[in-house]
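The values are calculated or read from the model by the stated rules, or taken from the named source; none is laboratory data. Everything numeric here is computed off the predicted structure, so don't read it as measured data. We place every Cβ from the backbone using ideal geometry, glycine too, and count neighbours over all the protein chains shown. For the accessible areas, the whole protein counts, side chains as well, though only heavy atoms, and no ligand, DNA or RNA atoms are used. Shrake-Rupley method; radii C 1.70, N 1.55, O 1.52, S 1.80 Å.
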Amino acid sequence: MTRNTERILTLRELNRALLARQLLLERRKLGVQQAVERLCAIQAQWPPSPYLALWSRLDGFRKPQLTRALEQHKVIRSTLFRITLHITSARDYPYYAAAVLVAAREATPRVTAEKLAELSRRVRAAAMKAPLTHEQVEALAAAEMGGFRWRTRTLTPLVHLPPGGTWSHYGRVQLRAMEAVLGVELPAREDGAARLVRRYLAAFGPATREDLLRFAGLRVGDVRAGLERVQVLTFRDERGRVLLDLPRAPLPDADTPTPVRFLPKWDSSLLAYAPPERTRILPEKFRRIVIGKNGDVLPTVLVDGFVAATWDLGTKRDLTITPLRRLTKQERAEIDDEGERLVEFFRS
């Protein structure tokens with residue numbers, strides 16, 4: 001159900017809405033699982049990224065909190081949106097997988113639905129019996145998928161077992177079937193689409209339908225059922241594009257004060273929109289600096305809610321700030337103060 005409004009949201013209003021929903025206006029006292037659900041999903045290609053994402057958003061967050069949540073399977077690391085690594089709540093993951101992995105599997109070229117179903121059953125059965133490596137999964141199915149080795153990760157929901165996903169783990173991961181780890185079956189695809197629409201808009205709205213599709217790596221038909229089942233409001237941005245949102249979702253004033261925040265590599269707040277909509281947090285003139293041609297995304301610093309610098313911590317944990325625009329003395333002082341807290345967190 002859709003209810004139309006005529007309200008036009010400015011760039012700064014959209015920026016503040018994103019910051020509020022991404023817990024970047026103020027650090028909140030939330031448990032890890034609850035926070036991850038509020039954020040929809042956290043990018044997890046670089047092992048420290050989810051830890052840094054939560055440190056920037058939660059009051060008093062410490063590394064063992066996320067490690068314990070992973071070990072207790074309250075949150076899980078898996079290949080998911082855009083066939084990249086994410087951490088999600090265990091309560092959300094089955095629904096996301098029902099919407100995303102099934103659609104991604106269907107997009108495998110030149111392989112019949114019957115063959116894909118057979119391969120899915122094969123990989124699931126093996127991953128129910130014992131943990132597998134990516135290489136073992138590929139050996140089970142890649143040849144019959146036309147050599148698309150990475151697409152074997154879409155055949156069935158596979159959870160990364162700890163220490164995979166933890167702070168300093170860069171080694172080979174062990175994969176187990178979702179059903180064996182979480183004790184649940186895959187929900188209906190329509191239920192998955194509805195959960196995805198709600199979580200995405202709660203975390204990143206107001207947003208266009210194309211933004212949702214870009215974030216999830218899906219097609220219109222994959223989310224149509226979710227859009228039909230979820231009650232949404234519509235706004236427009238200054239370009240006249242239709243934006244979808246949930247009723248009563250936060251829409252702070254455009255002049256709401258914002259603190260300096262450090263974001264990790266591949267932070268979802270920078271990647272949740274289809275270009276050029278990333279300008280709500282990443283000025284267009286900085287996009288090519290921050291987002292490389294290979295898809296790499298640098299760690300960034302938010303000042304007044306927008307990316308204004310990048311950061312790096314060398315092997316000796318010496319913090320380097322690279323401004324992308326002229327910073328005032330006050331802004332630099334605030335960056336330095338928050339940077340000291342970042343270095344302390346790294347060293348803890």
Heavy-atom accessible area per residue of the chain, all protein chains kept, 1.4 Å probe, expressed in Å², is 44
Inter-site label distance for Ile321 and Ala139 at 7 Å from Cα along Cβ, in nm = 5.1
Taking a ≥ b ≥ c as the square roots of the eigenvalues of the Cα gyration tensor of the chain, is the shape rounded (a/c under 1.5), prolate (a/b larger than b/c) or oblate?
-> oblate
Which one of Ser268, Ala333, Leu218 is farthest out on the positive end of the charge dipole of the chain, using unit charges on Cβ (Lys, Arg +1; Asp, Glu -1) and the Cα centre as origin?
-> Leu218
With springs connecting C-alpha atoms under 10 Å apart, model the chain as a Gaussian network and identify which of Val307, Val173, Val100 has the largest mean-square fluctuation.
-> Val173
Net charge near Ala130: determine it from the other residues with C-beta under 13 Å of the C-beta of Ala130, scoring Lys and Arg +1 and Asp and Glu -1.
-> +3
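Charges only on Cβ, +1 for Lys and Arg, -1 for Asp and Glu: so what's the dipole of the chain about the Cα centre, in debye to the nearest 20? Display every interim value, and only then the final one.
On the way: 58 positive and 40 negative charges, 76 e Å.
The dipole of the chain has a size of about 360 debye.
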Mind grabbing the accessible area of Val303 for me, 1.4 Å probe, Å², rounded to tens?
-> 10
Name the aspartates and glutamates eligible as straight-distance cross-link partners of Lys265: C-alpha to C-alpha under 12 Å, and not fewer than 8 places from it in the same chain.
-> Asp296, Asp312
Cα centroid of region 1-69 to Cα centroid of region 275-309, whole Å | 17
Between Ala107 and Gln34, what is the label-to-label distance in nm when each label sits 7 Å out along the Cα-to-Cβ direction?
-> 3.5
Taking springs between alpha-carbon atoms closer than 10 angstrom, which of Gln72, Gln174, Gln43 fluctuates most in the Gaussian network model of the chain?
-> Gln72
Which of Trp266, Trp55 is most accessible, then next, and so on - probe 1.4 Å | Trp266, Trp55
Using θ = phi - 60° and the Karplus form 6.51 cos²θ - 1.76 cosθ + 1.60, what ³J(HN,Hα) does each residue of region 291-303 get, whole Hz, x for Gly and Pro?
-> 10, x, 4, 7, x, 5, 10, 6, x, 10, 10, 8, 10
For the chain, find the longest principal axis of its Cα atoms and tell me its angle to the long axis of helix 93-106, 0 to 90°, nearest 10.
-> 70
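Among the listed pairs Lys63/Lys293; Lys63/Lys329; Lys29/Lys63, which are separated by more than 20 Å between their Cα atoms? Intermediate results must be reported in sequence, preceding the final value.
Numbers: Lys63/Lys293 31 Å; Lys63/Lys329 32 Å; Lys29/Lys63 15 Å.
Distance filter (> 20 Å) returns Lys63/Lys293; Lys63/Lys329.
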Please give the helix 220-229 orientation as an angle from the longest Cα principal axis of the chain, in degrees from 0 to 90, rounded to the nearest 10.
-> 70
